[in-house]
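Below is one structure; the comments refer to it alone.
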Amino acid sequence: MNEIFNYLFGQYQGYETLDIALEIIAVIFGFLSVWYSKNNKIWVYPTGMISTSIFVYLLLKWSLLGDMMINGYYFIMSIYGWYIWTRKVDASHNTPITSITKKEQLISVLLFIATLIFVYIIYKSFDKWTSWVAYVDTVTTAVFFVGMWLMARKKVENWIFWIIGDVISVPLYFYKGFTFTSFQYLIFTIIAIYGYIEWKKLLNKPIEIL
């Protein structure tokens, strides 16, 4: 049992207690955010902003620039998404869940490519392009950037990007030494699958203002 525990959590030896506590808090609020997103609740954004702001601090401290940029971008897009989700389309309904348009497909491709280039430049500038992890980080960052933008736009396809990114992130974060975060992405994957199913049921249905 001790060997299993050390395998899973031995990475935290030498970490400050405050940092471990902050990671756990960020993970909890991350769970809440994804759960609220699955259920199409506006609380996805305030809970997500708490989680991402903590992760920005931790990831900057741990010099994980790609992951830090993902969370910084999440925070900014949460403000945008909060506005879109609460925007009235008429007197009694908010923005509905819809499918991606041709224009949004093009924007998604351009955003993906632009993110790859941007993250590559950042990694090279800070001399972090030193292992295969940097390549994977760059791809997952681009995947998550597109997924977050589509979620803010209330596009059902956002869940496909979350599922892909989450599946990659489970072993990646464990390899980096962040077991709690790895578990978070494992549960995120499961919730994202259910989120896609739930959003498909609500596709193009008007959301009544409560």
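Numbers for the structure displayed
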item	result
The stretch 114-136 residues that are free of Cβ contacts under 8 Å to residues at least 24 places away in the same chain, paired with ones that are assigned to a helix (DSSP H, G or I) and not hydrophobic (A, V, I, L, M, F, W, C) (beta carbon under 8 Å, 6 or more apart)	Y120/T138; W129/Y120; W129/Y123
Flag for I107 being at pLDDT 85 or above, in a helix (DSSP H, G or I) and either in contact with a Cys (Cβ under 6 Å, 6 or more places away or on another chain) or closer than 22 Å to Y36 by Cα (or both)	no
Any hit, the stretch 24-44, residues being hydroxyl-bearing (S, T, Y), at pLDDT below 75 and either surrounded by fewer than 20 Cβ atoms within 10 Å (Cβ to Cβ) or under 30 Å from P96 (Cα atoms) (or both)	no
Residue in the stretch 136-153 that is part of a helix (DSSP H, G or I) and of a type in the set (K, R) present	no
Any hit, the stretch 122-135, residues being at pLDDT 85 or above and either touching an Asp or Glu at 6+ places or on another chain (Cβ under 7 Å) or in a strand (DSSP E or B) (or both)	no
Subset tally (residues that are touching a Ser or Thr at 6+ places or on another chain (Cβ under 8 Å) and not aromatic (F, W, Y)) for the stretch 168-180	5
Checking I100 against (1) within 26 Å of L32 (Cα to Cα); (2) assigned to a helix (DSSP H, G or I), the condition it does not meet	(2)
Options T130, T95; residue that is surrounded by fewer than 11 Cβ atoms within 10 Å (Cβ to Cβ), over 18 Å from I164 (Cβ atoms) and β-branched (V, I, T)	T130
The stretch 138-160: number of residues that are within 30 Å of N39 (Cβ to Cβ) and touching a residue at least 60 places away in the same chain (Cβ under 8 Å)	10
Answer residue from the stretch 59-75, given it is crowded, with 20+ Cβ neighbours inside 10 Å and either over 20 Å from F188 (Cα atoms) or more than 12 Å from the chain's Cα centre (by Cα) (or both) and is modelled with the highest pLDDT among those	L59
Pair list, Cβ < 6 Å and 6+ apart or interchain, from the stretch 161-187 residues that are in contact (Cβ under 8 Å) with a residue 40 or more places away in the chain and part of a helix (DSSP H, G or I) to residues that are crowded, with 19+ Cβ neighbours inside 10 Å and among the acidic types (D, E)	F180/E23
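For (1) surrounded by 15 or more Cβ atoms within 10 Å (Cβ to Cβ); (2) within 12 Å of the chain's Cα centre (by Cα); (3) of a type in the set (A, V, I, L, M, F, W, C), each residue gets a yes or a no:
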site	(1), (2), (3)
S125	no, no, no
D137	yes, no, no
K154	yes, no, no
T181	yes, yes, no
I197	no, no, yes
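Residue-by-condition table, conditions (1) more than 24 Å from K128 (Cβ to Cβ); (2) outside any helix (DSSP H, G or I); (3) touching a helix residue (DSSP H, G or I) at 6+ places or on another chain (Cβ under 7 Å); (4) basic (K, R):
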{"site": "V34", "(1), (2), (3), (4)": "yes, no, yes, no"}
{"site": "S37", "(1), (2), (3), (4)": "yes, no, yes, no"}
{"site": "K41", "(1), (2), (3), (4)": "yes, yes, no, yes"}
{"site": "G48", "(1), (2), (3), (4)": "yes, no, yes, no"}
{"site": "I54", "(1), (2), (3), (4)": "no, no, yes, no"}
{"site": "L59", "(1), (2), (3), (4)": "no, no, yes, no"}
{"site": "Y74", "(1), (2), (3), (4)": "no, no, yes, no"}
{"site": "I84", "(1), (2), (3), (4)": "yes, no, yes, no"}
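The values are calculated or read from the model by the stated rules, or taken from the named source; none is laboratory data. Since this is a predicted model, take the numbers as computed values, not measurements. FYI the Cβ positions are ideal-geometry reconstructions off the backbone, even for glycines, and counts take in every protein chain you see.
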